[in-house]
1. Explain nothing, just compute: Karplus ³J(HN,Hα) = 6.51 cos²θ - 1.76 cosθ + 1.60, θ = phi - 60°, for every residue of segment B:104-118 in order, whole Hz, x for Gly and Pro.
2. Looking only at the protein assembly as shown, where both bridge partners belong to it, what percent of the DSSP beta bridges are antiparallel (to the nearest 5)?
3. Partner chain Cβ atoms within 10 Å, averaged over the residues of A:16-27 - can you pull that number for me?
4. Out of residues 5 or more away from A:Leu68 or on other chains, whose amide H comes under 5 Å of its own, with H placed 1.01 Å from N in the peptide plane?
5. What residues have an amide H closer than 5 Å to that of B:Asp268, excluding those fewer than 5 places away on the same chain, when H is modeled at 1.01 Å from N in the peptide plane?
6. Once the mean 1/r over all distinct Cα pairs of segment B:3-127 is inverted, what Kirkwood radius in angstroms do you read off?
7. Given q = 0.07, 0.08, 0.13 Å⁻¹, what are the Debye log10 I(q)/I(0) values for the protein assembly as shown, with equal point scatterers placed on the Cα positions and solvent ignored?
8. Could you give each residue of segment A:11-25 its phi-based ³J(HN,Hα) in whole Hz, using Karplus coefficients 6.51, -1.76, 1.60 with θ = phi - 60°, and x for Gly or Pro?
Amino acid sequence: MSDKPAPRPPGNRVSVLVVEDEMMIALDVQMMLEDNGYTVLGPAGSVEGALRLLDELRPDVAVLDGNLRGRPVIPVARRLRSLEIPFVLSSAYDIFTFDGSDVLAGAENVQKPVSENRLIAALQRALS
Amino acid sequence: MDLDELYRLLRDSHVQAVSIVNTLRDPLVVLDDEFRVLNANPAFYQTFSTSRDETIGTALADLGNGQWDIPELRLLLDQVIPRSTSVIDYEVQAEFPHIGRRTMLVSAQRLSHPDSGQRILLLTIVDATERRQADDDKDILIGELGHRIKNLLAVTRAIACRTEVEGRSAETYRDDFLGRFDALARSLAVSTRETEADLCQLVRAVMEPYLEKASAITFKGQGAIALLPRQAMSLGMILHELATNALKHGALSVPAGRLDIAWSLAEDRNGQPEVRLSWRESNGPEASPPGTVGFGTRLIRFATEVDLKGQAELSYQRDGLVADLTFPQ
């Protein structure tokens, strides 16, 4: 992590970091967000990939899968909290039982499969 | 019956009873009504790494280092047993010397001596630690399977949502959807083991539906290039998109068309293993980039660049599409 805060992605659109390891779902979520006027950062399919992206750019909000190739998404959630970036979860897992899941407290889980309406509504709530 | 016969009978049934008790695989211990050990079988000595001398005549609570002095077990002996003649599989967890923390299932049966009225208690003890561990492992596995099913449903739903509907008949939509669905299923089927899938098997499995439609498809590549199941799924979906496109608009849409698929394992600039796959259509109609980027093309790019962390070069040539894919193994 550099000392300087990461810049926002260029453009006026609201940017969303997508963290999802399942290719088809990542593409689907990306297309949903683009259809609704958002800019997508990523998608990142791993904890490391997501943290690397956050070193470079600062999204306005994030949507996180709970489990990335067998690893809980917790370190990403922790980094987002420290950057004061709101996030929503989209997970088939009961992620609130993971170690360190207190960092997820207050985040909305839109579940999986995710519907476009539910995701967009949750992102708007997270941003407000 | 004379006395000799009776004596023989009694002796024989005693011997028989002793052999039965001795051959029991589960530990068995006989207690008097003050819970002192009257007898125990070899399985008991073996399981708890103790001896006959240390055991017989000792109160159950004093055995070993007092490991049987467990609140749950005391409750069982003091409260439950006097009220019922038998207890089955009462679970007790404790730290035992030599063998560590175990989960034991204790069953008890109260017996009265027919003549003297002396009451004895038979305790059988089954070490269920491993069975419990296996149950827990099974629960985790079932949970994991449940999540994989949910994930797969979410993937299928995404495919159904993203398959084009505009200006298409229900029949066309169904065929397009099922083509993608089958490619997904074939890619998953190739990943027989948790850890890897073979590239050659994957190409053959995904291309199999097209072989009957065209005779001029060739495969050329090294055997046994291992892919992760996740990579196999992405590559399988990419191959399907290329194939379905070739059948509709490309070399597989005309009788003279050819398709050559070749692959190899090479090294990238940093010496890391890199998979290269080339898809060459020829003798077909002139290929041209789609006017608007359809979902298929988007899927190919996304799967290669975002998921496989590689590159897809699509070159639209005069007699067919040429696609070169490279991605780290």
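None of the figures in this text is laboratory data; all of them are computed from the coordinates on show. This is a predicted model, so every value here is computed, not measured. In this analysis, Cβ positions are derived from the backbone assuming ideal geometry, glycine residues included, and neighbour counts consider all displayed protein chains.
1. 10, 9, 9, 10, 10, 9, 8, 10, 10, 5, x, 9, 7, x, 4
2. On the way: 54 of 71 bridges.
Of the beta bridges lying entirely in the protein assembly as shown, close to 75 percent run antiparallel.
3. If you average over the peptide's residues, the count of other-chain Cβ atoms is 6.
4. Close amide H contacts, sequence-distant or interchain: A:Val73.
5. Long-range HN contacts for B:Asp268: B:Glu274.
6. Details: mean 1/r = 0.0650 Å⁻¹.
Here the Kirkwood hydrodynamic radius works out to 15.4 Å.
7. Taking Cα atoms of the protein assembly as shown as identical point scatterers yields -0.59, -0.67, -1.12.
8. x, 9, 6, 6, 9, 10, 7, 9, 10, 7, 9, 8, 3, 5, 6
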